[in-house]
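Participant: To start, I am sharing the structure in question, which I have written as C-alpha cells.
The values are calculated or read from the model by the stated rules, or taken from the named source; none is laboratory data. Since this is a predicted model, take the numbers as computed values, not measurements. Glycine also receives a Cβ, built like all others from the backbone with ideal geometry; neighbour counts cover every protein chain displayed.
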Amino acid sequence: MINLLNYNQPQLADYFASIGEKPFRAKQLMRWMHHFGVHDFALMTDIAKTLREKLALETEITLPDVQLEQVSNDGTRKWLIGADTTNSIETVFIPEDDRGTLCISSQVGCALACTFCSTGAQGFNRNLSVAEIIGQLAIANQSLRQEAGYDLLPAGERIISNVVMMGMGEPLANYDNVVTAMQIMLDDSAYGLSRRRVTLSTSGLVPAMDKLKEDCPVALAVSLHAPNDALRDVIVPINKKYPLKELMAACNRYLEKAPRDFVTFEYVMLDGVNDTAEHAHQLLEVVKNVSCKFNLIPFNPFPNSGYETSKTSHIRVFRDILMQAGYVVTVRKTRGEDIDAACGQLAGKVLDKTKRTANRIPIEAI
Ligand code: SAH
Ligand code: SF4
C-alpha cells in the first residue's frame with residue numbers, strides 16, 4: 001500500500017499521472033490531507049466517487065501511532081510516537097506568548113555521537129520516512145486544535161506557527177525525506193509555513209548544507225558548541241570531517257540563499273569544558289566573517305552524561321563578552337524539563353540494539 005503522506009505535491013501529481021488522472025488532483029488531495037487533516041477518502045467530497053474508491057484500494061493515508069502524550073507544568077507538550085514495534089521518537093510543542101514552536105525529530109537515534117547529547121548516546125537505528133516526519137506535525141496540530149476547541153479558533157489562526165528540525169537525529173543525514181517533508185510544510189496547499197518560520201538545525205554536514213540552499217533554503221541553525229577544532233573534534237565528532245573553517249565557509253555560502261540574513265549558532269554550555277571567557281573570545285574569532293546570532297543552551301543533564309550545566313554566573317560572563325562585541329545573544333530557557341522534553345533530553349525508545357549496532361554509520365560515510 002502506498003502511504004500518500006510520503007509525497008510532496010509534485011510527487012503526488014506524478015502518482016496521479018501514473019494512474020491516468022489529471023495532475024491537478026494532487027492539489028486537492030494535499031489540501032484534504034494536510035490543510036484540513038482529513039484522512040478518510042470518503043469525506044473528500046470534491047473528488048469523484050470512482051477515484052475515491054480507487055484511491056482507497058491502492059493507497060492509504062496513515063499517521064504513525066501516538067503512544068503517549070504528556071503536558072509539562074509550563075505548558076510544553078511531548079508526544080511519544082511509534083516508529084515501529086520496538087522504536088519510538090519524540091516531538092515537542094513549546095508555547096510562547098507570540099508563537100508556538102514544534103520541535104520535530106528526523107531519525108530514530110543519531111549516528112553522530114556528540115558526547116553531551118542523549119539522542120547521540122543511544123546510537124542510530126534508522127531514518128524516519130516522510131510520513132513519519134510530516135506526521136509529527138499532523139499529530140501535534142490535530143491534538144492542539146482539538147484541545148483549543150476548533151470553534152474557538154479564529155479562521156486561519158495557527159497554533160503551530162514555527163517548526164524547528166531540532167528533535168532526535170541529524171536532519172541533514174536523512175536529507176531526502178527531511179527536504180520532502182519541509183516542502184510539504186511550506187506548500188500553500190498543505191501547511192503554508194513561511195521559510196523564515198521553519199528552522200533546520202545541523203551539527204554541520206557541509207555538502208548537505210550546500211545542497212539544502214539550492215533545494216529548500218529555510219532558516220539555519222548550526223550546532224557549534226566549541227570555539228576551536230581540538231575541542232570540537234571531541235564533543236562534536238563530525239568536526240573531524242568538516243572542521244570549523246570549512247563550516248564557516250559553508251555558512252556564508254548558505255546565507256547567499258537563506259530566507260534570513262544570519263545563521264544562528266547554538267552553543268551548549270558545559271561546565272568547565274567550553275564556557276570560560278577565553279572560550280568566548282576564541283568563539284568571536286571563529287565566527288568573525290559570518291553574519292550570525294548566538295543561542296546559548298544551558299546543558300540539560302541526562303543519566304551518566306558525565307557533564308554538568310555551566311554556572312549561571314559563567315553563562316552571564318560568556319554572554320556579555322559576545323554581546324559587547326555587538327552580537328545578538330539569547331540564552332535558551334529550559335522548557336518541559338519535568339517531562340524530559342528539553343533540548344538533548346529526547347530519547348524516545350531506540351530498543352533494537354542489534355540493529356542499532358549493525359546500522360551504526362561510521363562518520364566517514366556521512
Ligand atoms: N542534530 C541536530 C539537531 C538536533 S539537536 C543538531 O545537532 O543540530 C538540537 C540542539 O540541541 C543542538 O544544538 C544540540 O547540540 C542541542 N543539544 C543536544 N544535547 C543537549 C543537551 N544535553 N543539553 C542541551 N542542548 C543539547
Ligand atoms: Fe545527533 Fe544533534 Fe545529538 Fe549530535 S547533537 S548526536 S548531531 S542529535
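Participant: Return the only residue of Gln122, Gln142 being within 12 Å of ligand 2 (Cβ to nearest atom) and at pLDDT below 95.
Facilitator: Among Gln122, Gln142, only Gln122 is within 12 Å of ligand 2 (Cβ to nearest atom) and at pLDDT below 95.
Participant: So, one more: For the list (1) modelled with pLDDT under 95; (2) away from ligand 2 (no atom under 16 Å from the Cβ); (3) under 13 Å from the mean Cα position of the chain (by Cα), I need the number of the one condition that Met168 fails.
Facilitator: (2)
Participant: Checking Val290 against (1) in contact with a helix residue (DSSP H, G or I) (Cβ under 6 Å, 6 or more places away or on another chain); (2) not in a loop (DSSP other than H, G, I, E, B), only one condition comes out false. Which one?
Facilitator: With respect to (1) in contact with a helix residue (DSSP H, G or I) (Cβ under 6 Å, 6 or more places away or on another chain); (2) not in a loop (DSSP other than H, G, I, E, B), Val290 is out only on (2).
Participant: Inspect the range 97-113 for any residue being more than 16 Å from ligand 2 (Cβ to nearest atom) and either under 13 Å from the mean Cα position of the chain (by Cα) or assigned by TED's automatic domain parsing to the domain that holds His34 (or both) and give the result as yes or no.
Facilitator: The initial filter retains those residues of the range 97-113 that are more than 16 Å from ligand 2 (Cβ to nearest atom), namely 97-102.
Still in the running and either under 13 Å from the mean Cα position of the chain (by Cα) or assigned by TED's automatic domain parsing to the domain that holds His34 (or both): 101-102.
Checked the range 97-113: at least one residue is more than 16 Å from ligand 2 (Cβ to nearest atom) and either under 13 Å from the mean Cα position of the chain (by Cα) or assigned by TED's automatic domain parsing to the domain that holds His34 (or both).
Table: residues versus (1) modelled with pLDDT of 95 or more; (2) on the phi > 0 side of the Ramachandran plot; (3) away from ligand 2 (no atom under 16 Å from the Cβ); (4) out of contact with any helix residue (DSSP H, G or I) (no Cβ under 7 Å at 6 or more places or on another chain).
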| site | (1), (2), (3), (4) |
| --- | --- |
| Met185 | yes, no, yes, no |
| Ala190 | yes, no, yes, no |
| Ala219 | yes, no, yes, no |
| Ser223 | yes, no, no, yes |
| Arg232 | yes, no, no, no |
| Asn239 | yes, no, no, no |
| Asn252 | yes, no, yes, yes |
| Arg260 | yes, no, yes, no |
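Participant: Here is a list of conditions, (1) surrounded by 21 or more Cβ atoms within 10 Å (Cβ to Cβ); (2) in a helix (DSSP H, G or I); (3) touching an Asp or Glu at 6+ places or on another chain (Cβ under 9 Å); (4) of a type in the set (S, T, N, Q), and Ser201 meets all of them except one; can you say which number that is?
Facilitator: Checking Ser201 against (1) surrounded by 21 or more Cβ atoms within 10 Å (Cβ to Cβ); (2) in a helix (DSSP H, G or I); (3) touching an Asp or Glu at 6+ places or on another chain (Cβ under 9 Å); (4) of a type in the set (S, T, N, Q), the one that fails is (2).
Participant: OK, next. Is at least one residue of the range 156-175 assigned to a helix (DSSP H, G or I), touching an Asp or Glu at 6+ places or on another chain (Cβ under 9 Å) and within 30 Å of Ile61 (Cα to Cα)?
Facilitator: In the first step, residues of the range 156-175 are kept if they are assigned to a helix (DSSP H, G or I); the result is 171-175.
From the residues that got through so far, the ones that are touching an Asp or Glu at 6+ places or on another chain (Cβ under 9 Å) too are 175.
If we keep only those that are within 30 Å of Ile61 (Cα to Cα) as well, we get 175.
Taking every residue of the range 156-175 in turn, at least one turns out to be assigned to a helix (DSSP H, G or I), touching an Asp or Glu at 6+ places or on another chain (Cβ under 9 Å) and within 30 Å of Ile61 (Cα to Cα).
Participant: Something else about it: Confirm whether Ile47 is at negative phi and buried (at least 19 other Cβ atoms within 10 Å of the Cβ).
Facilitator: So Ile47 fails the test.
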